[in-house]
Each structure stands twice: as C-alpha cells, then as structure tokens.
Amino acid sequence: MGSLKGRDFLKLLDYTPEEIEQLLSVAIGLKKKKHNGEPHRYLEGKQIAIIFEKDSTRTRCAFEVGAKDLGMEVTYLGPTGSQLGKKETIADTARVLASMYDGIEYRGFEQSIVQELADYSKVPVWNGLTNEFHPTQMLADVMTIKEEFGDLKGRKLVFCGDARNNVGNSLMVVCSKLGMHFTCCAPRELFPDKALVEDCVDICAETGGTITLTEDIMEGTKDADAIYTDVWVSMGEPMELWQERINLLQPYQVNMEVMNNAKPNAIFLHCLPSFHNIGTTIGKDIYDKFGLKEMEVTDEVFESSHSRVFEEAENRLHTIKAVMLETLR
Ligand code: CP
Ligand code: NVA
C-alpha cells in the first residue's frame, strides 16, 4: 500500500481507484478491531480541529469518536463561537489552525472554501461535506455495498433524486473510479453537472464503469444492486424550494414498487438524515403544508429487509477513521 501521509481529502476525483480501495481495506480492518475491542491508538498525542458551518450528527460523531479511538484529541468549532467568516478569513484561519493541529475537518458551503483551507494549511484537510461533494460519505456507502456483495466492480448503483448535489455528484465519481455502473434517475433539470459527467465518463473508459442518466425510474432501477436516495432539499437551500422539489421529485420516490423492480437481493441506501415519516419538525411541517407523510423514501422501504441505512451510518465511523489514519500516520 502506498503512503497517503500529508494528503488532503477534498474530493474523490483526487484519489486513484487503488487509493480508494486502500482506504476501504484499512476501514474494514479498523472495524474488526473496534468490534473485537482491540486498542488501535495509532495517532496518540495528535490533535484535530473539526469545523461545522452546517449541522451534523453522523459526520461530527464519526470524526470525534474516530479521533478518540485513534488516541487523538478533538476541538469542535461550530457555526458560532469562533472568528471564522465574520472577523477572520479562511486563509488566516487555515494558517492559525495548522500551527496548532495535525488535521482539520471542514463542513460547509462551497467546495472552493475547503479548497482554500487546504491551500493555506500545511496539515491535511478533510471535506466533511460541501455543496458539491461529500467524499467521506461515499467511502461508507461503497464499504456497505462491498460488505453485502463481496465486491464492487460491475455492481449497479441507482441514485433517485436531486443528482446535482453533493451526494449525487460524489456517488457518480466513486462508481466511475471503482468500475461500477451508476444510473441517475431524476428530472432532466436535476441531472448532474455536464462537465462532471464528462469527467466521469472519461474515468469509466479506464475502469469499465458506466454512467446512465434517465428520467424513467422503472427503466433506470431495473437490475440494480443498490438503490440510493437523498433529501429533496439540502442544507443551505431555502425552505421555499420544497414545493418545486416535491413537484419535480415525487415521481422519483423510492417505494416498494421501485425496490421490487431492482434485483431481488438489492439493498436500499441513504446517507441520512431521511424524511421517511413525520417524526421530525421539518417532516411534520411538510405534512401540514403539502399533505406528504413520507418523501424521498417510503417508511416501508426504509424499515424493510432491503434497508442497510444503519450499517451504512456505522461505516461512516470506520471509513472516516481510515481517512484520518492514512493521511496522518
Ligand atoms: N450523512 C451525513 O453526513 O449525516 P450528518 O449530516 O448527520 O453528518
Ligand atoms: N444532500 C444533503 C446531504 C446530507 C448528508 C445535504 O447537503 O443536506
């Protein structure tokens, strides 16, 4: 295995298929150790800072628990309480944090912000989600598929929903890199960015993967190994978008008819959080306004034997640990 020491982890386009496989194999090893209760404090004495300009449960907890499992200490910087953005630029913040910490995680808005942080930081910067990409999520997603089927190459993953977003974009990239077949089912206006599709088609020419964009959900989900969806309105987008997105994406909801159209042993994945019932304030609000009890996925699919969403969520921990370990040791 090659060394990834000192590398940033900003988007999967920057990583070779072999490097992605390496991170997966380290994550699988770390998961075994965690489950067996074997200590793995390989980064004892190091310190990391994690910046969250948007909310998070999984990513924040995975970085915090993962860092502690590896023997590190963590400082959390939330949307308020630090000078970042209001009185201090990204470039200055990067130089200050890099002088005190061994690694920096950033979740927030444009990809250009995490890129700037990395440009001015002498220590590794990890992308914990931007508007454009969510690379640590993808590692957990493909790890979950690999655990299920034993392999990745040639597997068909179908994404139903807003495919121009961080999760849709990153899934298309990871599938291309790993020689998988990626299908996006969405209305044309929510297809991924053309330039990114072209880059992924070029990557597929090397890896044997394919990219298919379709408006026909029944055609698209046929023979799928994994069906994936994400919220219809993402963090940072205005609430006023809900009506328009419901109109556009309701036909792309993952329900049992869609699931049954895939292979019989197909799995359902979702990065989470998910609106599959009205048990949240936003879910309840949408129900009151639009009469919808479930959105991107039905509760039936979410709770079904196809669903691997909580295995996937756990794998966020192991994969984020692998990224920290490989870039810091
Ligand atoms: N999937 C994901 O990134 O979850 P959080 O927003 O809870 O971190
Ligand atoms: N597309 C979602 C992903 C959340 C993990 C968002 O950006 O809100």
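Of the residues making up the stretch 52-75, just one is within 16 Å of Leu117 (Cα to Cα) and open to solvent by 30 Å² or more (accessible area, probe 1.4 Å), namely Glu53. Inside the stretch 210-234, residues that are in contact (Cβ under 8 Å) with a residue 40 or more places away in the chain, under 27 Å from Ile286 (Cα atoms), more than 16 Å from ligand 1 (Cβ to nearest atom) and not in a helix (DSSP H, G or I) make up a count of 1. Counting only helices (runs of 4 or more DSSP H) that sit wholly inside the stretch 62-152, those with at least 3 residues that are away from ligand 2 (no atom under 16 Å from the Cβ), closer than 26 Å to Gly45 by Cα and touching a helix residue (DSSP H, G or I) at 6+ places or on another chain (Cβ under 9 Å) are 90-100, 111-119. For the stretch 202-223, does any single residue satisfy the condition of being at pLDDT 95 or above, open to solvent by less than 60 Å² (accessible area, probe 1.4 Å) and within 15 Å of ligand 2 (Cβ to nearest atom)? Among the residues of the stretch 202-223, not one is at pLDDT 95 or above, open to solvent by less than 60 Å² (accessible area, probe 1.4 Å) and within 15 Å of ligand 2 (Cβ to nearest atom), which makes the answer no. In the stretch 107-123, the residue that is nearest to Cys61 (Cα to Cα) out of those that are of a type in the set (Gly, Ala, Ser) and within 22 Å of the chain's Cα centre (by Cα) is Gly108.
Summed over the stretch 144-175, the residues that are within 24 Å of Leu249 (Cβ to Cβ) and in contact (Cβ under 8 Å) with a residue 60 or more places away in the chain give a count of 16. Would you confirm whether or not the stretch 77-94 contains a residue that is in contact (Cβ under 8 Å) with a residue 12 or more places away in the chain, under 19 Å from Leu328 (Cα atoms) and open to solvent by 60 Å² or more (accessible area, probe 1.4 Å)? The answer is no; no qualifying residue exists.
The values are calculated or read from the model by the stated rules, or taken from the named source; none is laboratory data. Source: prediction; values computed, not measured. All Cβ positions, even for glycine, are placed from backbone atoms using ideal geometry, and neighbour counts span all protein chains on display. For accessibility, only protein heavy atoms count, side chains too; no ligands or nucleic acids. Shrake-Rupley method; radii C 1.70, N 1.55, O 1.52, S 1.80 Å.
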